[in-house]
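Quick note: the coordinates plus some simple rules give every number you see, no bench work behind them. Quick caveat: nothing in here was measured; it's all calculated off a predicted structure. Cβ placement follows ideal geometry from the backbone for every residue including glycine, while neighbour counts extend to all protein chains displayed.
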Ligand code: GLA
């Protein structure tokens, strides 16, 4: 089964935009293999918009840009495969891609066959220049079918930015992940708004098809294509904790070749990744009031374990209160939670309530077990 748990990988868009090339992709593949990302589970290396020539060839086939990809895509995909990774590419359901390159409207079967012939394992499928007269659901269904007919197993990453409530139909049409919001930018407000807008839609994520809150900006530091001031290290921790706790795909958008040690450690934090990849793929349950500046989430994990997250979305230091009774653990249960801090590894035990003090835009994330309160 493709995407039994949320897909993980790297995508070129956030940092490089359309400035992509054969040598860049090879360097990224090397970095993914050599710097521990592959071992941590990051599997797909995806080139986004801007990889093709501006016109199809005489037979109507998509052609890789000869300057950016002088050896073609097949050779590049082979290189990525040799590194033990999978290769992804981008197209669009409309008449042109968002950056104005040829797209797959009315060319779905032909393009899917081309991708399969090149050894593509993942297709991100965008929504720009979509004809007004066409039907969105049918267009995504058509590419999904074309991929199924292509003779190769290709993960279908649909990206229609949340138009027409995709959580209601993307699973049915065979997508493995679907973008549910507009584009992320590298600043706090952008990831906060995306995450908070999806809380009530996460119940539709399950093995086989996941709500995609967009590529991570962790480690971008305001540089690159979607750089917008950047985030503090604490905010990047918060972004990564939200993406992990919410069980959304983890596609790295920063320059994986040059990430600093702290960022590498964060993106490869096994404790956070284990929550994201938990086999039961349950959505988190919100314990706090939806309008509260601090939010508390409890997520059931396999093996009678839990993830417990505290988030301070306000611009000031705040306590985030959690009364265990609100999560079905009253005092009379005799139970406590044994906690392991996912960032520090520190262990502890708590009963009845917790009230951690959180700096502005920061979080705590624990792995928890129900134990006797004695
Ligand atoms: C849209 C998508 C982005 C990216 C660009 C490429 O904006 O949402 O993720 O793929 O197009 O042009």
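General observations
- Linear extension gain, residue 39 paired with residue 55, 0.36 nm per residue minus alpha-carbon span: 1.9 nm
- Computed from Cα atoms, the angle from the helix 233-245 axis to the main principal axis of the chain rounds to 80 degrees.
- Burial ordering of 67, 367, fewest other beta-carbon atoms within 10 Å first: 67, 367
- For the options 17, 230, 100, a Gaussian network treatment of the chain with springs between C-alpha atoms closer than 10 Å singles out 100 as fluctuating the most.
- Expressed per residue, the C-alpha convex hull volume of the stretch 84-174 stands at 98 Å³.
- Within the listed set 156, 122, 130, the Gaussian network model of the chain (springs between alpha-carbon atoms below 10 Å) gives the highest mean-square fluctuation for 130.
- Helix axis angle, 72-82 relative to the chain longest principal axis, alpha carbon, degrees: 40 degrees
- Only Cα pairs under 8 Å and 6+ residues apart enter the sum, and on that basis the relative contact order of the chain stands at 14 percent.
- Each label was represented as a point 7 Å from its Cα along the Cα-to-Cβ direction; for residue 344 and residue 325 these points are 2.9 nm apart.
- Dividing the helix sum by the residues of the chain, where each DSSP H run of 4 or more adds -39500 (n - 2.57), gives a mean residue ellipticity at 222 nm of -7000 deg cm²/dmol.
- From least to most packed, judged by other beta carbons within 10 angstrom and beginning with the fewest, 371, 296, 28, 199 follow the order 371, 199, 296, 28.
- Between the Cα long axis of helix 188-198 and the first principal axis of the chain there is an angle of about 90°, rounded to the nearest 10.
- Pairs of C-alpha atoms in the stretch 24-131 farther apart than 25 Å represent 21 percent of all such pairs.
- Gain on full stretching of the segment that runs from residue 82 to residue 285 - 0.36 nm per residue minus C-alpha separation: 69.0 nm
- Mean silhouette area of the stretch 131-217, derived from the convex hull of its C-alpha atoms and averaged over all directions, reads 6.5 nm².
- A convex hull fitted around the alpha carbon atoms of the stretch 241-364 yields 121 Å³ per residue.
- Average silhouette area of the chain, convex hull of alpha-carbon atoms, in square nanometres: 18.2 nm²
- If both residues of a DSSP beta bridge must be in the stretch 127-239, then about 10% of such bridges are antiparallel.
- Extension gain, residue 106 back to residue 316 (0.36 nm per residue minus Cα-Cα distance, nm): 70.4 nm
- Of the peptides 9-15, 278-284, the ranking by mean beta-carbon count within 10 Å, highest at the top, reads 9-15, 278-284.
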